[in-house]
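The structure appears right after this line, and notes come after that.
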Protein chains: 2
Amino acid sequence: MASPGPALEALRAHLHQTRLLGSISSALYYDQNTVMPSAGAPWRGEQLALLAGQLHERQSSPAYAELVATAEAAVGEETPAATRRNLRLLRQDLERQQRLDPALVTALAKAQSRGNAIWQEARAAADFSAFAPALEELIQLRREQARQLAAAEPEGSSVWDILAQPFEPDIRKSRLRELFAPLKATLPALLEEVRQHQASAGEAAAPVTPELPEALQERLCAELLTSWGYDASRCQRARSAHPFSCTVGPADFRITTRVVPGQPLSAFLATAHEWGHSLYEQGLPRVDDHWFPWPLGEATSMGVHESQSLFWECRVARGRAFAERWHPRVVAGLGADPWGGVAGFWRALNPLRPGLIRVEADELSYGLHIVLRFELEVALLEEGLPVAELPREWNARMERLLGLTPANDREGCLQDIHWAEGLFGYFPSYALGHLISAQVAEAMTEAIGPIEERIAAGDEAALRGWLAEAVWPLGRSVNGEELVAAVSGRPLSAEPFLAYLKGKVAQLMG
Amino acid sequence: MASPGPALEALRAHLHQTRLLGSISSALYYDQNTVMPSAGAPWRGEQLALLAGQLHERQSSPAYAELVATAEAAVGEETPAATRRNLRLLRQDLERQQRLDPALVTALAKAQSRGNAIWQEARAAADFSAFAPALEELIQLRREQARQLAAAEPEGSSVWDILAQPFEPDIRKSRLRELFAPLKATLPALLEEVRQHQASAGEAAAPVTPELPEALQERLCAELLTSWGYDASRCQRARSAHPFSCTVGPADFRITTRVVPGQPLSAFLATAHEWGHSLYEQGLPRVDDHWFPWPLGEATSMGVHESQSLFWECRVARGRAFAERWHPRVVAGLGADPWGGVAGFWRALNPLRPGLIRVEADELSYGLHIVLRFELEVALLEEGLPVAELPREWNARMERLLGLTPANDREGCLQDIHWAEGLFGYFPSYALGHLISAQVAEAMTEAIGPIEERIAAGDEAALRGWLAEAVWPLGRSVNGEELVAAVSGRPLSAEPFLAYLKGKVAQLMG
């Protein structure tokens, strides 16, 4: 066996260039969503399509397959485990690319683009029937995709399982049902409890929503970031229609936020959320550019990514200790205290009001929005639920889980973009993020003591330091469940999340 | 002969993709200079190098040469002249690419990058001797480049002539000497006249430089752009360390400015200047995306490009009628009139003070800065001027032309970046811009009446409309001198510029 050095170096050089191309797309995406004039959109679409084509070519070409095969042939038992894991993940990704019929890839790209456009119109008109044929087509194409990929997946993988792999490696729907069962069993009753408490407390329980001047919101976001390790030589922030974070290079991180009229704390909390994503990206293993182009330098899973944003948004910024520290600053900036004290401010950071819209949902009802979508995806893909019956099923389940009924499909099954682009298997990662965040926070508490005490002392650096050691460097050396097990010593479960929620609800209801 | 249709379409598709790649570089350049965090620089450098490599490949590959040859074989006398011109220009560019030894291209790229880095340090230390070896190497490499290109150029082209072609097609140094002779003969005396007038008038002649709050400067720039046809759906403006404009797509134009402490009107005038560049780019022929990927959709020359920015900056924004219209607005915004009336404001827009630094030079001395550089370039490349003697030569000529002597090389021959990157042949385009602007303005006056009257009436749209008809659509269907002849009916000369300058000086000295 030859020394693996040259083969690995050739492969690394190829991956490096692939990463360069991908990061150019990220830079264009950032530009598009922060400053690009609207008339630039068609040309930008062409630029991104050109890069996507080059990326696909680099990730599926015979020349690349040869590089992977040569590297595989050159490694042996004495090769470091991390290198062998990298090669296994590259092989897995390559096999998936190779098994797909190019005609299907093209058909899917077109159906996604068409689906998105039709969905935009159907949603505006609250007319599901206009969207139904596009959804039907996307389901058929995704089923075909799963069929083509099946031979590369473990025995017994279902259609839904196969489609969820890019978001949550190794996940199974059976496991998700197990994880989500306690949410279904517990959250509706907890919600009802909150509802009754709020009704008996009358108006006083409704959160106050004063106008916070844009400049003040801007300053608070800047102060928040500075106190959480923002470094302007490596990071840049801007405004966009929807908050996001993206990585443009190994030392170039961008985040965005928006100011929402009538939601004075939205920009602040969104900044906390996006910064959580960015901290994770910044903490992924890329010392000396070593892992950056390799799979181990990538995020463990979407669920783990989301756990990091939710930790900083919900666990820290929506926490009581944080409210105590920031209430005086916000009040000083505003020159008034419309919340009538820190308790009111803290309640304003934690509105508990079940609603119909997922992206506006609170911590308590969010999981139920996901359970609903997960079960409907499985029903559509695997259990024969006819597309035409989706609205009826959606509304019935919404009533059962959240006690609410959409007035129309715009606030019902047409609200999310995911299915309009054929993204099935993505939603559960959002809920897994809550579960993982809670279990990781338990482990953190065991390691460094109560989180709230650290926050009270203004020592979020301790939380960041622990995550930087225990969570961020794992990258794709593990999957999401393995990460939780490694960090907490226990298998992933919903219990830490439910325990956290119950405690918070009790505290909020005083 | 086959129908040219398919061959031209194949070529167009190739050029379209080349333009897409080039515009991705522009978008990255814009991002880099407006928002990119500093630590992102090395990765950005790699991204741009990757794109540059792809661009070079697309513009010199055998496959591309084949596309050009096939298109050439398919066209005939009945093919539209514009198409044949496009093919001739593509052939010329291709031959230049093909004649260059790839080893020279690599050596030049490295020497430019090294030259830039060494120059940065040498300039900071005002130490020409540290930079001299790098300059010597760049001169040798450029001489070699000219030697390799010579066979593709008209008989009798000198080294300098060949190197200037990318900036000013078809230019000859002999022609530039002719054009610049009147500047050398006239400007020093005119400068002396101004100097004496200012000395006799005492302090009163010194322009006032009050502080203009940043928000006010920002608002004035926005109002200026709006009144000059800025359309936020196609344009975007931002801040950068040095003002620039760039085109990111057929309907995506960016410009930047900066606020300079102590120079209250700098941002305003720079905005006028960059918007002039952008208007030109926006007006290049690209109806229905027809010419955008073809040479005819490109700027005529750097001199013509500069003429458009200088027209809006000097002819319009520094004009008396414009000062009359904007003085009240600026005074209202400031709540005071530190200029003591419109005459003082107009003088502040036109400081006439010869200085050592080109980029800070006024309209009167700017041309002399260029003459100095042009003559020194020719001396270095063709007349055996030893690099070691550059500082002495520079200082002697500066004294002769402007009556000033640099205290050190930082404010002397180390001030510009151009030679540090081996850019010889570029400087004259700046002066040509002044000449072309003045001659085009004469033609405009003949066509639509006095420019100042239009400006007084707030009707800059008439100037824009005339340029949009007479100048912008010509693209590379002509070279710079042909453009001037076509627009004005006379060969390019320095007379219109000198006449304009004399008139303005007389008026300013009241």
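No lab work stands behind these numbers, since they all come straight from the coordinates. This is a predicted model, so every value here is computed, not measured. For neighbour counting, all protein chains shown are included, and Cβ atoms are generated from backbone atoms with ideal geometry for every residue, glycine included.
General observations
- Considering only chain B, percent of DSSP beta bridges that pair antiparallel, nearest 5: 45 percent
- Order by protection proxy (mean Cβ within 10 Å, highest first), peptides A:59-67, A:18-26: A:18-26, A:59-67
- When you count the other C-beta atoms within 10 angstrom of each residue and take the mean per peptide, A:143-151, B:414-422, B:330-338, A:300-308 line up highest first as A:300-308, B:414-422, A:143-151, B:330-338.
- The range B:88-120 and the range A:335-407: distance between their alpha carbon centers, rounded to Å: 60 Å
- Put simply, the convex hull of the Cα atoms in the range A:332-461 casts, on average, a shadow of 11.6 nm².
- Treating each Cα of chain A as one equal point scatterer and applying the Debye formula with no solvent, the log10 of I(q)/I(0) at q = 0.07, 0.11 Å⁻¹ comes out as -0.40, -1.06.
- Dipole magnitude of chain A about its Cα centre (Cβ charges: Lys, Arg +1; Asp, Glu -1), debye to nearest 20: 360 debye
- Top positive-direction residue, dipole computed over the range A:173-314 with Cβ charges, set A:209, A:307, A:263: A:307
- Mean ellipticity per residue at 222 nm, deg cm²/dmol - from DSSP H runs of n ≥ 4 across chain B, formula -39500 (n - 2.57): -21000 deg cm²/dmol
- Cα-based shape type of the range A:295-408, given that a ≥ b ≥ c are square roots of the gyration tensor eigenvalues and the cut on a/c is 1.5: oblate
- For the range B:1-99: rounded, prolate or oblate by the Cα gyration tensor [a/c cutoff 1.5]: prolate
- Spacing of the two label points (7 Å from each Cα toward its C-beta) at residue A:502 and residue B:445, in nm: 8.9 nm
- Sorting B:158-171, B:78-91 by their mean Cβ neighbour count within 10 Å, with the most densely packed peptide first, gives B:158-171, B:78-91.
- Equivalent ellipsoid semi-axes, the range B:367-411, via Cα gyration tensor eigenvalues times 5, rooted, Å: 17, 13, 8
- Along its principal axes, the protein assembly as shown has C-alpha extents of 93, 71, 56 angstrom, given from the largest down.
- 16 Å Cα-Cα reach of residue B:173 towards lysines, excluding residues that sit fewer than 8 places from it in its own chain: B:184
- Derived scalar couplings ³J(HN,Hα) [the range A:166-181; Karplus, 6.51 cos²θ - 1.76 cosθ + 1.60; whole Hz; x for Gly, Pro]: x, 8, 9, x, 6, 6, 10, 5, 4, 5, 5, 4, 4, 5, 7, 3
- Other-chain or far-sequence residues with amide H under 5 Å of residue B:236's (modelled H): B:253, B:254, B:255
- For the residues of A:38-49, the average number of beta carbons from a partner chain within 10 Å of their own beta carbon is 6.
- Tensor-based shape of the range A:206-356 (alpha-carbon gyration tensor, a/c under 1.5 rounded, otherwise prolate or oblate): prolate
- Whole-Hz ³J(HN,Hα) from phi, Karplus 6.51 cos²θ - 1.76 cosθ + 1.60, for the range A:301-317, glycine and proline x: 6, 5, x, 5, 4, 5, 4, 6, 5, 5, 4, 6, 6, 8, 5, 8, 5
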